[in-house]
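What follows is one structure encoded as structure tokens, with my remarks underneath.
The values are calculated or read from the model by the stated rules, or taken from the named source; none is laboratory data. All values derive from a computational prediction rather than experimental measurement. Every residue, glycine as well, gets a Cβ built from its backbone with ideal geometry; the counts of neighbours run over all protein chains shown.
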């Protein structure tokens with residue numbers, strides 16, 4: 001049976017010149033309609049590529065053979081470059097508290113990279129069974145001061161997982177980001193029954209996990225809610241305008257919003273600038289200074305070009 005009406009779909013997987021597309025309005029075809037699609041040759045997307053997570057319009061739907069044609073690409077909200085996935089609504093930064101050991105500088109870079117996407121960002125701490133309750137409380141307090149109510153996961157306790165899964169099902173499209181070996185693949189296998197991605201132990205030599213996931217794909221976990229299955233180590237290349245960087249740190253942005261500080265110059269970078277009144281006593285200030293210094297080089301190169 002062939003139906004010629006147009007429908008809005010979501011790209012859930014991409015391989016070669018083909019795309020798997022789920023219908024977003026599934027009233028006509030049931031709840032499991034997924035179509036193998038190619039792009040209509042006559043369509044010009046102005047040299048834009050189609051990515052997993054993109055909203056597209058499909059036509060020439062063949063419901064029997066599950067085939068269709070992509071006729072247009074909808075405007076996307078955002079695009080993550082590595083891995084390549086569009087229209088993310090939530091980013092969960094995942095780090096283990098042990099094995100591999102927590103690296104605060106790395107956690108900060110992941111968080112700021114995620115914040116630059118302009119989406120909702122959360123911090124997830126895994127392998128919490130390897131630390132004491134006292135250490136767990138210490139970390140929760142630390143990250144609270146950073147501006148994050150960290151989620152702690154102990155894979156040995158089912159209630160931890162159930163509560164986290166219930167939260168994910170309320171989000172539109174979530175992605176886990178973090179270094180290898182922190183439990184992203186293990187968690188995805190728990191969320192998506194039958195996925196069975198391979199996992200690898202942490203390397204004793206380099207003290208980090210091995211990349212075991214290869215393809216980017218969206219999986220439905222509830223009505224209109226998806227989770228992204230991604231390759232191992234993934235972090236957006238951090239190229240943030242230094243004028244925007246202060247707004248990505250909650251410790252600074254809260255001071256600016258509450259008008260607790262009034263620096264002499266509007267373009268103050270809150271370093272050793274004359275007339276800067278920023279309260280610099282927060283823990284992440286050293287990370288902020290490092291990022292400003294490294295960003296200055298990139299910024300000035302752009303200005304000169």
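Just a few scattered comments:
- Residue satisfying all of: in the range 18-31; more than 17 Å from residue 225 (Cα to Cα) and either modelled with pLDDT of 85 or more or not assigned by TED's automatic domain parsing to the domain that holds residue 72 (or both); surrounded by the fewest Cβ atoms within 10 Å (Cβ to Cβ) among these: 18
- Candidates 219, 282, 287, 233, filtered to the one that is modelled with pLDDT under 85, on the phi < 0 side of the Ramachandran plot and surrounded by 11 or more Cβ atoms within 10 Å (Cβ to Cβ): 233
- Only one of the numbered conditions (1) part of a loop (DSSP other than H, G, I, E, B); (2) at pLDDT 90 or above is violated by residue 93, and that is (1).
- The range 2-17: number of residues that are modelled with pLDDT of 80 or more and more than 15 Å from residue 71 (Cα to Cα): 5
- Members of the range 51-75 found to be under 30 Å from residue 115 (Cβ atoms), touching a residue at least 24 places away in the same chain (Cβ under 8 Å) and not in a strand (DSSP E or B), listed by number: 51, 53, 54, 74
- Any hit, the range 82-99, residues being touching a strand residue (DSSP E or B) at 6+ places or on another chain (Cβ under 7 Å), loosely packed, with under 15 Cβ neighbours inside 10 Å and more than 14 Å from residue 19 (Cβ to Cβ): yes
- Residue count for the range 247-293, restricted to those that are in a loop (DSSP other than H, G, I, E, B) and free of Cβ contacts under 8 Å to residues at least 40 places away in the same chain: 24
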